[in-house]
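What follows is a short report on a single structure.
Please treat every number below as a calculation from the coordinates, not as lab data. Everything quoted here is computed from the prediction, not taken from an experiment. Because the Cβ atoms are built from the backbone with ideal geometry, glycine has one as well, and the counts that use them run over all protein chains shown.
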Amino acid sequence: MLKIRAIVAFAAVLISSVSVTADVQKGGTANLVLLPKFLGILPFDQARRGAEEAHKELQNKGSLDYIGPTPENSVAGQIEMLTTATTQKKNVVMLSNNAGDQIAAAAEAAQAAGTKVVTWDSPIPSGKGETVFVAQVDFGSIGVVMADMAHSIMGGSGDFAILSATPDAANQNAWIAAMKETLKGDKYKNLKLVDTVYGDDQAEKSYNAALALVDKHKNMKLIMAPTSVGIVAASKALQDEKLCDKIKVSGLGVPAEMVSYTMNGCAPEFALWSFVDLGYLTYYTSYALATSAIKGNIGDEVNAGRMGKFKIEADPGRKNTKRILMGPFTVYNKKNVEAAAK
Ligand code: RAM
C-alpha cells in the first residue's frame, strides 16, 4: 500500500513538472515593449524591474524596450508609440493605458499586423484590440477597499472628495465607479462624496487641485486619491497647510513615498499591490503569447515562475474581455508602512 502511494505521489510530481516545463520554454525569441502611462514615477519603474527580472529568467533572446511618453503628452504619445511598435513588428506591446478607448483603433491595427497588446494596470475599456488584461487586483474590490478606508478614517460619517489622475484613465475611472457602487450600501449611508477632481498624475497640478478642494468644501474630512501621484501631492498640500488634524488623505500609494505622511497622521491608511510583481506577471504572460505557449484564450494557463500559475478568465468588470487576476491588496497603516517602505 505504502509502495503504491509512493508511486502515485512520484507520478504526480512527474506530471506536474512536465506541465511546468511544457508551458513556457526558456530561451525563445520575443520582442517585447513595456509601455507605461508615462515615464518618471516609481510604480512604473517598479513594474520595469519586475519585467527585467522575468526577461533574464526566461533568457529571452529578443528585446525588452521600456518606453513611454511624458505625463503632459500621455494620450497622444501612447497612441504614437503603439503605432511605431506595430511598424517595427514587435511581438507584444505591454500597455498601461492612459487613453481610454481612444487607443482602441491603434490597438486593433496592431493586432491586425501581428503585434499583440497585453494591458496591465489600466486596460482598454472596450477591450478592443486587447489580447488580455493583467489585472493587479479585482477592480470591484478596489471600490470596496477605498470605501472601507474612507469609512474607518472618517469614523463612519462626513464629506469627502476624490482627487483622481486623468479624466480618461481607464483604471481610475473603473475604481471610482466601483467605489460609488459600494457607497450605495447601508454601511456607508453617512459618507457623502461631494466632488471629483483631476490632477492628471502630475505632482503640481494634483497639489493645487487638493488645495482647491480644501477651499471649496469647508466640511470636507478626507481626500481619497486613487493615484500614487495624487495621494502624495494631497498629503504634502495638507501638511504644508497644517491641516492634517482636520482633513485626512487616503487612496492608493507607494509605501516608500507615503511613509512620512502615514507616520505623522496625514494619511493614516492607504492601499496598494506590488508593481514589481505586476511587471513580472505581465512579462511572463506576454512572453508565453509571443512564443505560442498560450493563445490567449479563456482557460489558458500562464506558468509565471516564482509567482505560480494564473488562468485567463472572463473579466467580470468589462463585457467580452479577458483578464488574468494577480492580487493581493495590502492596506498600509502605522503598523506596517515602515517595513514596506524599506
Ligand atoms: C498611478 C498611476 C497608476 C495607478 C497608480 C495607483 O501611479 O495612475 O496607473 O495604478 O497610480
- List, in order, the whole-Hz ³J(HN,Hα) value for each residue of segment 278-294 obtained from phi through the Karplus relation with A = 6.51, B = -1.76, C = 1.60 and θ = phi - 60°; use x for Gly and Pro. 5, x, 5, 5, 5, 5, 4, 4, 5, 5, 4, 5, 5, 9, 6, 5, 10
- Query: Can you list the HN-Hα couplings for segment 105-112, worked out from phi with the Karplus curve (6.51, -1.76, 1.60; θ = phi - 60°), rounded to whole Hz and with x for Gly and Pro?
  - Reply: 5, 5, 5, 5, 5, 4, 4, 5
- Note on the structure: The exposure ranking of L42, L58, L35, fewest beta-carbon neighbours within 10 Å first, is L42, L58, L35
- Per residue of the chain, what 222 nm ellipticity follows from adding -39500 (n - 2.57) for every DSSP H run with n ≥ 4, rounded to the nearest 500? -13500 deg cm²/dmol
- Expressed in nm to one decimal, what extension gain is obtained for the pair V144 and N73 from 0.36 nm per residue of sequence separation less their Cα-Cα distance? 22.4 nm
- Message: Per-residue counts of other Cβ atoms within 10 Å, averaged by peptide: what ranking do you get for 170-177, 231-238, 304-311, 137-144, highest first?
- Response: 231-238, 170-177, 137-144, 304-311
- Query: Relative contact order for segment 139-272 using alpha-carbon pairs under 8 Å, separation at least 6, rounded to a whole percent?
  - Reply: 26
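Listing V92, V75 from the residue with the fewest other Cβ atoms within 10 Å to the one with the most, what is the order?
The order, fewest Cβ neighbours first, is V75, V92.
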- Could you list which residues have their amide H under 5 Å from that of K248, counting only those 5 or more apart in sequence or on another chain, with H placed in the peptide plane? L222, I223
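Summing Lys, Arg as +1 and Asp, Glu as -1, what charge do residues with Cβ under 12 Å from the Cβ of A165 carry, A165 excluded?
Details: positive: K37, K205; negative: D121, D168, D200, D201.
Residues close to A165 contribute a combined charge of -2.
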- Query: How large is ³J(HN,Hα), in whole Hz, for each residue of segment 234-246 in order, when computed from phi with the Karplus curve 6.51 cos²θ - 1.76 cosθ + 1.60 and θ = phi - 60°, using x for Gly and Pro?
  - Reply: 5, 4, 5, 4, 5, 5, 4, 8, 6, 10, 5, 7, 9
- Query: lysines within cross-link reach of K180: Cα-Cα under 19 Å, excluding same-chain residues under 8 positions apart?
  - Reply: K189, K192, K221
- Item | Percent of beta bridges antiparallel (DSSP, the chain, rounded to nearest 5) | 20
- Mind checking which of M220, S235, A165 is farthest towards the positive end of segment 139-272's charge dipole, using Cβ charges of +1 (Lys, Arg) and -1 (Asp, Glu) about the Cα centre? M220
- Query: What is the fewest-to-most order of T29, T282 by other Cβ atoms lying within 10 Å of their Cβ?
  - Reply: T29, T282
- Query: Got the relative contact order for the chain handy, in percent, Cα pairs under 8 Å and 6 or more residues apart?
  - Reply: 18
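Sum up the charges of everything whose Cβ sits under 12 Å from the Cβ of G327, counting Lys and Arg as +1 and Asp and Glu as -1, but leave G327 out. Walk me through the numbers on the way to the answer.
Working: positive: R323; negative: D138, D277.
Overall, the nearby charge balance is -1.
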- Cross-link reach list, aspartates and glutamates versus K61, counting only Cα pairs under 17 Å and skipping chain neighbours closer than eight places: E52, E53
- K90: which aspartates and glutamates have alpha carbons under 16 Å from its alpha carbon, excluding same-chain residues fewer than 8 sequence positions away? D65, E80, E108, E130
- Query: In whole Å, what is the distance between the alpha-carbon centres of segment 90-105 and segment 170-237?
  - Reply: 26
- Cα-projected label distance for E80 with N320, points at 7 Å along beta-carbon direction, nm: 3.2
- Which FRET efficiency value, to the nearest 0.05, is calculated for K61 and E204 with the Förster distance at 35 angstrom and r the Cβ-Cβ distance? 0.25
- Query: So, counting K/R as plus one and D/E as minus one, what does the shell of residues with Cβ under 13 Å around N91 add up to?
  - Reply: +3
